[in-house]
Amino acid sequence: MIGERERRAAFRAWVRAHHPDAGGDPETFAAELRRRRGDGGHAGAAPVVVARRRPGLGPLDRWLERRRRRRSRDLQ
């Protein structure tokens, strides 16, 4: 029989592999998490909410900063 420690380790490994921040599908992750919480008897658990990040200027800003650093390094 699987102990509590092994069960938690297996769950955490599953979360690391399938979490939306790690490239997993958000809907599949939420459905599986609801299924696991339902089987675990966590009746008072908070609902699963998936928040997608809206693309903004963050990636452009990071790219420009890397480019500036490379240029200043190349000039020295």
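The numbers here are math on the coordinates, done by the rules we state, and not lab data. These numbers were taken from a predicted model, which means no experiment stands behind them. Every residue, glycine as well, gets a Cβ built from its backbone with ideal geometry; the counts of neighbours run over all protein chains shown.
In the range 4-75, a dipole from Cβ-located charges (positive for Lys and Arg, negative for Asp and Glu) runs towards its positive end, and of 59, 29, 18 it is 59 whose Cα lies farthest in that direction. Residue by residue, the range 16-33 carries 3J(HN,Hα) couplings of 4, 6, 10, 5, x, 5, 9, x, x, 6, x, 5, 5, 4, 5, 5, 5, 5 Hz when phi is fed to the Karplus relation 6.51 cos²θ - 1.76 cosθ + 1.60 (θ = phi - 60°); x denotes Gly or Pro. Legend: calculated FRET efficiency, residue 61 to residue 22, from the Cβ-Cβ distance at R0 = 30 Å, rounded to 0.05, equals 0.80.
Other residues with beta-carbon under 14 Å from the beta-carbon of residue 30 carry, at +1 per Lys or Arg and -1 per Asp or Glu, a net charge of +1.
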